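The values are calculated or read from the model by the stated rules, or taken from the named source; none is laboratory data. All values reported here derive from a predicted model rather than from experimental measurement. Heads up, the Cβs are rebuilt from the backbone with ideal geometry, glycines too, and the neighbour counts pull from every protein chain shown.
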Amino acid sequence: MTPAARVQAAIEVLDLVIEAARSNGAPADRLMAEWFRARRWAGSGDRRAVRELAYRAIRACGEIPVTGRAAMVRLAALDEQVAALFDGSRHGPAPIRDDEPGAPSGVAPAWLVRRLADSGLEDEEAAALLDRAPLDIRLNTLKAGAQPLPEGGEKTVAANGWRYPPETRIEPSRAYLEGVIEVQDTGSQLTCEVVGARPGETVVDLCAGAGGKTLALAAAMENQGRLIACDADRARLSRLAPRAERAGARNIETILLDANRELEALQPFLGAADAVLVDAPCSGTGTWRRNPEARWRLTEKQLERYVAIQSRLLDVAAGLVKPRGRLVFVTCSLLDAEGADQAAGFLMRHPGWEVDRPGLPVGVARGDGVRLSPWRDGTDGFFVARFSRL
Ligand SMILES: C[S@@+](CC[C@H](N)C(=O)[O-])C[C@H]1O[C@@H](n2cnc3c(N)ncnc32)[C@H](O)[C@@H]1O
């Protein structure tokens, strides 16, 4: 593909991403993979270049653009080399008209920018939500030593964390294939450390998804004790077993929950858990580095729904913890509504609990918890609070 044809291809991909963002369709990554699957003639250099252009254009537009072309025109206003490729050449985009507007720039849609500012984020901190994320891995201590770590990593502040440049391809390494390492953001690893799971304990991971954090908890428990991984999404939870197998994690039991009736399946664990992790569904404002188009999808209504489900899941979790046990609340969001306010609401509703603020090597105190951010801490954005039952 010529450089101009790559720009035109990125515009077409962006049209799909924009349409999907409007209709709650597939994520950008998947759309791009599908687009290239139908164009096998495109080489790996083309794929990389088109992806890169598309993601740069997504990051450049705060509000959802009208078209892919409007998004690329915005990028062209910031990058002369991209602008020069609007040259009308065969397979390339038509020249930019003098009166042609680019999509609005900015960090996110206006309402979200306001909410971030109200949550205490400075401008640079908000802008850094769109930086490119490095590749972080967690050394799986259940298999440590079985294979050497891929070269080029630097130790992070997480106990078993290593960081690689963003473009590193870790998947073909033997260490990855044999479950010696897991891809996991440093912030995510730290939130697992906050749970303080120990061998022999009973630990519930209430929103386990495909088990990213469950596997870290299993390693901390050295495969001893009971680790109950729950989720209301059958497809996600079903991806946990093969991952656990690869990681050598053998103390995990899975429970599929009925959303809104979670406690029905959790009766045996009422008041029985040493620790419960609530890695709650959230807006994901802390993960825009990986899914920058997610900020075009979020609406105020959806945010309200997340907030409501988070409080409900915290109440469910509280019923599972034994006296002196721990409840850890995590969201990958920097909005107070999904962080400090949620923690404060929990303490109001549950007087028999006290705050046990985690002492982390990074992050800053926010309300009753700790907040991690890409700008300050080089991690995905997270809020984490720990409560202890009296
Ligand atoms: C932030 S994700 C969890 C990510 C996962 N812990 C990890 O580390 O990979 C939130 C999860 O909550 C789940 N969820 C949503 N509603 C739920 C409910 N009512 N009960 C339990 N899980 C729920 C979603 O299916 C999703 O997998």
For the stretch 317-328, which residues satisfy the criterion of being over 16 Å from A385 (Cα atoms), within 15 Å of the ligand (Cβ to nearest atom) and either surrounded by fewer than 21 Cβ atoms within 10 Å (Cβ to Cβ) or without any contact (Cβ under 8 Å) to a residue 24 or more places away in the chain (or both)? G319
If you go through the stretch 252-268 one residue at a time, do you hit one that is among the basic types (K, R) and farther than 22 Å from L135 by Cα? yes
Assuming G352 fulfils every condition listed in (1) under 21 Å from K213 (Cβ atoms); (2) surrounded by fewer than 24 Cβ atoms within 10 Å (Cβ to Cβ) apart from one, which condition is it? (1)
Which of the residues that make up the stretch 26-63 are of a type in the set (G, A, S) and surrounded by fewer than 21 Cβ atoms within 10 Å (Cβ to Cβ)? A26, A33, A38, A42, G43, S44, G45, A49, G62
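Only helices (runs of 4 or more DSSP H) wholly contained in the stretch 89-207 count here; list those with 3 or more residues that are touching a strand residue (DSSP E or B) at 6+ places or on another chain (Cβ under 8 Å). Let's see the steps before the verdict.
Numbers: elements: 110-118, 123-127, 174-177, 186-195.
Answer list for the stretch 89-207: 186-195.
Looking at the stretch 364-390 only, could you name the residues that are charged (D, E, K, R) and farther than 17 Å from G161 by Cα?
Restricting attention to the stretch 364-390, the residues satisfying the condition of being charged (D, E, K, R) are 366, 368, 371, 376-377, 380, 386, 389.
Of everything in the stretch 364-390, those that are charged (D, E, K, R) and farther than 17 Å from G161 by Cα turn out to be R366, D368, R371, R376, R386, R389.
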From R349, R386, R357, grab the single residue that is charged (D, E, K, R) and under 22 Å from the mean Cα position of the chain (by Cα). R386
Go through the residues of the stretch 19-42 one by one and say whether even a single one is among the basic types (K, R) and within 21 Å of P93 (Cα to Cα). yes
Can you tell me which residue among T156, T191 is at pLDDT 95 or above and within 16 Å of the ligand (Cβ to nearest atom)? T191
Condition test on G179, is it out of contact with any helix residue (DSSP H, G or I) (no Cβ under 7 Å at 6 or more places or on another chain) and more than 9 Å from the ligand (Cβ to nearest atom)? no
Candidate set from the stretch 201-256 (those that are of a type in the set (V, I, T) and more than 15 Å from R138 (Cα to Cα)); member that is farthest from the ligand (Cβ to nearest atom): T202
Considering only the stretch 275-311, state which residues are in a loop (DSSP other than H, G, I, E, B) and away from the ligand (no atom under 13 Å from the Cβ). W288, R289, P292, E293, L298, T299
Answer with yes or no whether N260 is at positive phi and either within 11 Å of the ligand (Cβ to nearest atom) or touching a residue at least 12 places away in the same chain (Cβ under 8 Å) (or both). yes
Pick from G196, G200, G211, G225: which is in the same structural domain as L313 (by TED's automatic domain parsing), at positive phi and surrounded by 20 or more Cβ atoms within 10 Å (Cβ to Cβ)? G211
One residue is enough: does the stretch 349-362 have a residue meeting the conditions within 14 Å of the ligand (Cβ to nearest atom) and aliphatic (A, V, I, L, M)? no
Residue under question is E182, and the condition is that it be farther than 20 Å from R324 by Cβ, more than 22 Å from the chain's Cα centre (by Cα) and among the charged types (D, E, K, R); does it hold? no
Could you check how many residues of the stretch 208-243 are over 20 Å from the mean Cα position of the chain (by Cα) and assigned to a helix (DSSP H, G or I)? 5
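How many residues are touching a residue at least 24 places away in the same chain (Cβ under 8 Å) and within 13 Å of the ligand (Cβ to nearest atom) if we restrict to the stretch 263-274?
Going through the stretch 263-274 one residue at a time, the tally reaches 3.
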Only one of S89, S105 is among the hydroxyl-bearing types (S, T, Y) and over 18 Å from N291 (Cα atoms). Can you tell me which? S89
